[in-house]
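Step one of this worksheet: look at the structure below.
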Amino acid sequence: MTAAPAPTSPWRSGRWLFAAVWLLFMGYPIAGIITADARWLMKALALAIIAVFVVVYLLLCVYSMFDCDPRSAPARNAAIALLAVLMIGLMPLLRADAFSLAPFVMAAVAFAAPWRVGYSLAGVAAVLVSAVVVPELFGWELDSGFLIVLLVVGITMGFSRVMRDGERDRELAAERQRELNGQLAVVAERERVARDVHDILGHSLTVISVKSELAGRLVDLDPARAKQEMAELNALARQALAEVRSTVGNLRAPELPSVVAAAEIALTAAEIDADLPDPDAYDGPHAALFAWVLRESVTNVVRHSGATRCVVTLTDHSLTVADNGHGSPLLTFGNGLRGLAERVDAGGGRLTVDSDATGTTVTASVDEGR
């Protein structure tokens, strides 16, 4: 299904908070600048550098943290380089204390750098090494306790990056498995249709061929028998045509029990708690229409909602699919929802979609008189 809720604002996603929380430690370099033995102009310049650092780091967290889009790689690399340059720019005033900005740089390298995990870990290690080597080269005193803190932060960042990439790989593998299962289901359905068509037409056409030859031989010998065979031939042809139409109709109109079963499989595979009705208990007249709505709605829940629970409610004249995902009041009808709304409208019903931050609810209802 192509329709989806409007993308969540990066400021509302919350993922960037994991790295932005380190801004709490920005108080250390700010205190160092204020208490430094330097002219006020130097302090003002250093505070301006801190302000630029915070803005760049925060924007990097909001718009690039956990970003995998290769098109944003140059901007992310430039932002990380700028953070490193700003940290170096504070060294004339803060000296070794300038490395109090190192945790922010390591967080940016670990989670915003468009590099493979090995290169990101090497970047984190490079920041740690520089925190030891640079003070030694310039004769600056560096607190050993601060080095321990940097080491702990670096190890934490490294493990977090490895775990994040591992989770992403598992998600990609699960997505590929779902796609493979879908392809296998299509192949199985094609084979089933091929068998059905073969069984229907193979048998019917064989009998039609035999009866037509028999009728041809009986035209002169037994006209009454020939007429009977031709009548049976006509009835057999009509029956075969009806069976073919039924087979094709089953392809176009999904059956509610099979759709409910498929929905349970899809939701479970996506780790979404499913609360589904018993389709065999439904005796209303809109099973085919509700099957369409359920299939399309569940597809949208699995692909786009980010939900952990999906509840489907079925009555004789309505179907409701509700999830607790990240909905949006700005949701618009794309091709999928628009086509589904047209299908429901053609069936004498109405499709409504209610979406907000607590989730999305899709309801298809048909007047009881229809």
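A few remarks follow.
- Test: Pro135 is at pLDDT below 80 and either part of a loop (DSSP other than H, G, I, E, B) or surrounded by 15 or more Cβ atoms within 10 Å (Cβ to Cβ) (or both): no
- Qualifying residues in region 338-354 (those that are assigned to a strand (DSSP E or B) and among the β-branched types (Val, Ile, Thr)) - the one farthest from the chain's Cα centre (by Cα): Thr352
- Residue match in region 55-76 (condition: β-branched (Val, Ile, Thr), at pLDDT 85 or above and not assigned by TED's automatic domain parsing to the domain that holds Arg338): yes
- Members of region 131-165 that are among the small types (Gly, Ala, Ser) and out of contact with any helix residue (DSSP H, G or I) (no Cβ under 8 Å at 6 or more places or on another chain): Gly139, Ser144, Gly145
- Restricting Ala240, Ala269, Ala231, Ala174 to residues that are modelled with pLDDT of 75 or more and surrounded by 13 or more Cβ atoms within 10 Å (Cβ to Cβ) narrows the list to Ala174.
- Thr320 vs. criteria more than 16 Å from Val260 (Cα to Cα), modelled with pLDDT of 85 or more, out of contact with any helix residue (DSSP H, G or I) (no Cβ under 7 Å at 6 or more places or on another chain) and part of a strand (DSSP E or B): no
The values are calculated or read from the model by the stated rules, or taken from the named source; none is laboratory data. Values in this document were obtained by computation on a predicted structure and should not be read as measured data. Here Cβ is always computed from backbone atoms with ideal geometry, including for glycine, and neighbour counts include all displayed protein chains.
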